[in-house]
Amino acid sequence: MEPFLGIINTQRTNHGVHRTEQCFQKASGKFPGAFNNTYQRSTPGISLLGNFQQAASGHVTDNQLFFYGNLFNRNELSSLTGACRQYAGDADLVLDLIEGKGIDAVKNINGQFIIIYREQGKISIISDHLGVAQLLYYHDDNIFLFGSEVKYLLTYPDCPCGVDWETGLKRPETYFGITPFKSYKTCFKGIHLMPESSILELNLQTGNATLRKYWTPYQPSNEPGADNRSPEQVMTEYASLLEDAIKIRMNSGATTYSLLSGGLDSSAICALAARHGSLETFSIVTQTTCLEDTTSFCHRMSQDLNFKNSQFLIPYHELCFNAPLWKQRVWRAESPVNHTDSLTKTMLHYAIRSKYPEVKYLFT
């Protein structure tokens with residue numbers, strides 16, 4: 001996903017406007033090319049830096065909507081809105097959906113996204129179902145500050161930069177499968193990760209924020225024995241759903257991009273994606289991948305299935321003994337859900353973004 005930074009001034013003072021402009025200038029200068037000089041402002045109080053779509057004016061209400069990300073079920077959503085018109089962009093479609101069916105209708109969206117929806121007296125920020133489009137935020141009495149990475153938030157003059165040592169030393173793995181425990185704290189005090197499938201409502205009069213879920217994947221289980229499917233039927237259905245999920249996310253008429261580690265998950269995704277269009281993949285080269293032979297496996301698989309595979313070297317032997325390089329690695333990869341493996345993957349994302357800026361999203 002592309003970088004973004006947003007500021008909502010709840011007090012709407014000239015002082016706040018000046019600080020917002022100061023922040024955006026610093027972010028654009030400190031991270032050249034990250035935001036492509038994209039700057040949008042909505043009154044009152046919303047300032048955005050990044051590739052946000054804004055819904056066109058001319059709707060029944062004066063509400064505003066900004067959309068960031070990708071939709072994968074546009075036809076289904078168009079049918080749901082019942083509107084007989086062509087949409088100029090995803091933002092217009094989502095605005096029609098919310099205004100026609102209510103804000104909780106976002107549960108019907110299939111995609112990876114951040115939605116900012118402004119109506120009378122409040123602003124709602126909506127994350128996608130699984131939190132693929134990462135949003136980190138800081139909130140005080142005057143501002144609500146949010147962005148795709150911690151380092152962008154830290155360019156705002158009043159954003160705290162103190163270390164939360166307790167969280168930093170625990171490093172909880174938010175999505176680790178064998179435990180229901182989740183933590184949305186970052187290693188910086190006051191900065192949090194927005195939970196998946198959530199709506200954060202910001203009251204513009206009081207500055208208060210409330211957070212609630214609009215969808216949960218955890219449904220009550222049926223009574224034992226209620227599922228009469230055979231293992232073969234379950235596996236067939238799973239394979240069909242997986243292939244459909246990949247197919248609707250393919251970049252129609254252009255190249256789709258994916259990570260390829262040589263493991264079962266990414267290999268299955270790439271094998272299925274290669275059936276439906278042009279595919280290009282990216283892999284990591286380290287001492288470990290060479291010893292495990294996954295480096296050569298990724299190369300052989302790309303040849304067998306006829307897609308391109310580019311490999312990036314991550315020199316552990318240099319990083320481990322070079323403090324400035326190690327600091328750069330951690331700085332570029334900071335996330336509240338990182339562990340050793342995801343830090344390396346985030347470095348790969350950084351390398352891909354630097355060399356291939358046209359890549360908007362990756363299969364993982």
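Among the trypsin sites (Lys or Arg not before Pro) within the stretch 238-334, those in coil by DSSP and having at most 13 neighbouring Cβ atoms inside 10 Å are Arg275.
Restrict the search to the stretch 239-300; then list the GluC sites (Glu not before Pro) that DSSP places in a loop and that have at most 14 other Cβ atoms within 10 Å of their Cβ. Before the final figure, lay out the partial values.
Details: sites: Glu243, Glu280, Glu292; in loops: Glu292.
Sites meeting the loop and neighbour criteria: Glu292.
Just to be sure I understand: of the beta bridges DSSP finds with both ends in the stretch 183-289, what percent are antiparallel, rounded to 5? Bridges in the stretch 183-289 that DSSP calls antiparallel: roughly 60 percent. For Val285, the amide hydrogen comes within under 5 Å of the amide hydrogens of Phe312, Leu313, Ile314, counting only partners 5 or more places away or on other chains and with H modelled in the peptide plane. Multiplying the residue separation of Lys247 and Arg300 by 0.36 nm and removing their Cα-Cα distance gives an extension gain of 16.7 nm. Please work out how much accessible surface Cys161 shows to a 1.4 Å probe, ignoring ligands, DNA and RNA, in Å² rounded to 10. Ignoring ligands and nucleic acids, Cys161 comes out at about 90 Å².
Extension gain for Gln233-Asn73 works out to 55.0 nm (0.36 nm per residue, less the C-alpha to C-alpha distance).
The residue among Leu153, Asn142, Gly131 whose Cα reaches farthest toward the positive pole of the charge dipole of the stretch 108-163, with charges on the beta-carbon of Lys, Arg, Asp and Glu, is Gly131.
Solvent-accessible surface of the stretch 209-328, taken per residue with a 1.4 Å probe and all protein chains present: 67 Å². Amide hydrogen proximity for Leu204: with H placed 1.01 Å from N in the peptide plane, the residues at 5 or more positions away or on another chain lying under 5 Å are Lys122, Ile123.
Going down the list Lys247/Lys360; Lys107/Lys355; Lys107/Lys308; Lys327/Lys355, which pairs span over 27 Å between their C-alpha atoms?
Working: Lys247/Lys360 17 Å; Lys107/Lys355 35 Å; Lys107/Lys308 35 Å; Lys327/Lys355 21 Å.
Too far apart for the 27 Å limit: Lys107/Lys355; Lys107/Lys308.
In terms of the Cα gyration tensor, with a ≥ b ≥ c the square roots of its eigenvalues, is the stretch 88-149 rounded because a/c is under 1.5, prolate because a/b exceeds b/c, or oblate?
Cα axes put the stretch 88-149 in the oblate bin.
Around Lys308, under 15 Å between beta carbons, what's the net of Lys plus Arg minus Asp minus Glu among the other residues?
Numbers: positive: Arg300, Lys355; negative: Glu280, Asp304, Glu358.
Once all neighbours under 15 Å are counted, the net charge is -1.
The values are calculated or read from the model by the stated rules, or taken from the named source; none is laboratory data. Not measured: the values here are computed from a predicted model. Here Cβ is always computed from backbone atoms with ideal geometry, including for glycine, and neighbour counts include all displayed protein chains. Each accessible area value is taken on the protein alone, full model and side chains, heavy atoms only, with ligands, DNA and RNA left out. Shrake-Rupley method; radii C 1.70, N 1.55, O 1.52, S 1.80 Å.
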